[in-house]
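Remarks on the structure that follows.
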Amino acid sequence: MNRKRARSSVKTAPAAGEMPDRLAASAFALFSERGINAVSLDDIAAHAHVTKGSLYWHYDSKDALVKAACAHYYRAYNRRINDELTDITDPIKRLERTLDTAVSTCLEDRKNRIFTTEIFSLAVHDEELRRSWRQFSDSVREFYIGLVKAATRLATREVERRVDFLLSAMEGLKLRAQYEPHLCVSSSHKVIVSQLRRVALFAE
């Protein structure tokens, strides 16, 4: 009986490898809700239902958790895009679905928008954070280049120019939404997606 009870407790305990992800997810949730400066390590430990000692076992500082929260955001974004495209093979529809998902995820989702905007600010003086975001941004850019290439007959240089403009437009909307929140609301969704689609697909 004791042996069975012990086995049962082992099965329900979180795996050691899951703890860093759990802490990163808690850090992201709190940072995006309250702002990075307003969140303490105690807050993150409490949110994740672990002791502060357990937190320190995986992350030795708040700075490390900020970077882990970024990695959590990168993974969540990529996973959502990939999930949305699973059953779509038509190149134009793949681009349209990606734009639709990106607008929902990056612009309309207030928590994501606030978190990434704050990361931009911190990255100005943090080279490691800046490098991390640049790697993610580069991967997103390459993905869009592949989508637009598949959906058009444009030369590579023109595709790259359009993708750069498209991504800049999205980041600009995100920044402006901090003081003009009406720009990134669900009622504007179709208009934004349509305008971004035009940037990517319309021939000159």
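General remarks:
- All told, S8 falls short of being surrounded by 13 or more Cβ atoms within 10 Å (Cβ to Cβ) and at pLDDT below 95.
- Residue within the stretch 79-86 that is modelled with pLDDT of 95 or more, touching a Leu at 6+ places or on another chain (Cβ under 7 Å) and acidic (D, E) present: no
- Output for the stretch 95-125, where each listed residue is under 16 Å from L166 (Cα atoms) and either free of Cβ contacts under 8 Å to residues at least 12 places away in the same chain or not small (G, A, S) (or both): L95, E96, R97, T98, L99, D100, T101, V103, T105, C106, L107
- The stretch 112-163 - residue that is buried (at least 17 other Cβ atoms within 10 Å of the Cβ) and of a type in the set (S, T, Y) and, of those, farthest from A71 (Cα to Cα): T152
The values are calculated or read from the model by the stated rules, or taken from the named source; none is laboratory data. Worth saying up front: this structure is predicted, and the values here are computed from it rather than measured. Using ideal geometry, Cβ is built from the backbone for each residue, glycine included, and neighbour counts are taken over all protein chains shown.
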